[in-house]
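Have a look at the structure below before the remarks.
Derivation of every value follows stated rules applied to the coordinates shown; laboratory data play no part. Quick caveat: nothing in here was measured; it's all calculated off a predicted structure. Every residue, glycine among them, receives a Cβ derived from its backbone with ideal geometry; neighbour counts consider all protein chains shown.
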Amino acid sequence: MRIRLLATLLFTVMIAARAEAQFNVPDPAPGENFHVELGLMFWTPTPGIEIQTGGLASAGIPGVDFVREFGLADDTFMEFRSVLKAGRKHKFRISHVNFNYNETTTVQRDISFGGATFPILIPVTADLEWDMWRFGWEWDFVAGDRGVIGMITELKHSHVLADLSAPGLGTEATDVTAPILNLGVIARVYPHRNFAVTAEYTGFKLFGVVKTLADRFTDEDIEAKMQDFDIYGTVNFGRHVGAQFGYRSLTSEYSIDVDEGDLSMKGFYFGGLVRF
């Protein structure tokens with residue numbers, strides 16, 4: 001009796017497994033079925049930019065708040081994103097965005113920047129550029145047809161160039177470059193086969209790695225950190241084309257020799273994707 005019962009149970013399991021193998025055919029969402037993904041986003045962030053240069057912090061002189069002093073307004077910038085998929089679980093990511101502001105205003109207080117002081121009630125022109133590249137590797141340790149959970153290792157290359165100029169006073173500038181190596185996480189779910197919601201964060205710092213590299217290859221004393229949170233939805237019109245909209249918060253702090261900065265960009269964006 002037990003042998004017949006065991007044989008019946010094994011037969012039932014074999015039939016169920018065969019049926020599951022027959023009907024559970026892999027059916028990845030269109031947004032996961034690609035080798036190369038290229039995206040162009042239009043981001044309208046609210047800026048927050050405060051910079052000190054020339055050792056002014058040690059003298060107790062506050063930094064220049066570019067948004068408050070020069071009325072930097074929200075503007076739209078283009079960001080390029082690309083993903084190269086190597087197998088089911090590995091992705092290489094590259095992105096680039098350049099923030100550029102140019103404003104002239106009559107300053108309402110004496111402003112010290114670099115080695116000069118720009119006195120009250122004179123017209124001062126502020127040129128500011130923040131250029132950032134991201135090079136990353138994503139490992140999706142959970143990679144399903146309807147979602148992924150993964151880890152990100154990313155090198156951010158941040159370049160900040162800022163200068164103030166006024167008639168008769170010349171130009172004072174700061175030009176700093178900071179490499180930042182971060183770890184992060186990413187999760188994506190598909191409420192619908194053609195719609196995905198993704199959240200990713202990079203900002204866990206590999207303590208000492210960047211500083212060690214800086215000490216070895218440069219003469220600068222570099223302390224820098226960056227936190228990047230991005231949440232977005234993607235609508236896929238088939239496998240090859242998609243639209244994306246989201247909110248991103250990017251903050252950065254750096255101290256390089258005698259220069260210090262506290263930067264942020266936060267706001268909504270939208271754009272399009274093509275996949276091959």
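Summary of values
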{"item": "Listed pairs LYS89/LYS205; LYS89/LYS225; LYS156/LYS205; LYS156/LYS266 exceeding 21 Å between Cα atoms", "result": "LYS89/LYS205; LYS89/LYS225"}
{"item": "Dipole magnitude of the stretch 90-138, debye to nearest 20 (Cβ charges: Lys/Arg +1, Asp/Glu -1, about Cα centre)", "result": "240"}
{"item": "Computed label-point distance, nm, for sites THR76 and THR251 using a 7 Å Cα→Cβ extension", "result": "2.8"}
{"item": "Neighbour-count ranking [beta-carbon atoms within 10 angstrom, fewest first] of LEU72, LEU164, LEU183, LEU121", "result": "LEU121, LEU183, LEU72, LEU164"}
{"item": "Trypsin sites (Lys or Arg not before Pro) restricted to DSSP loop in the stretch 231-276 with at most 16 other C-beta within 10 Å", "result": "ARG239"}
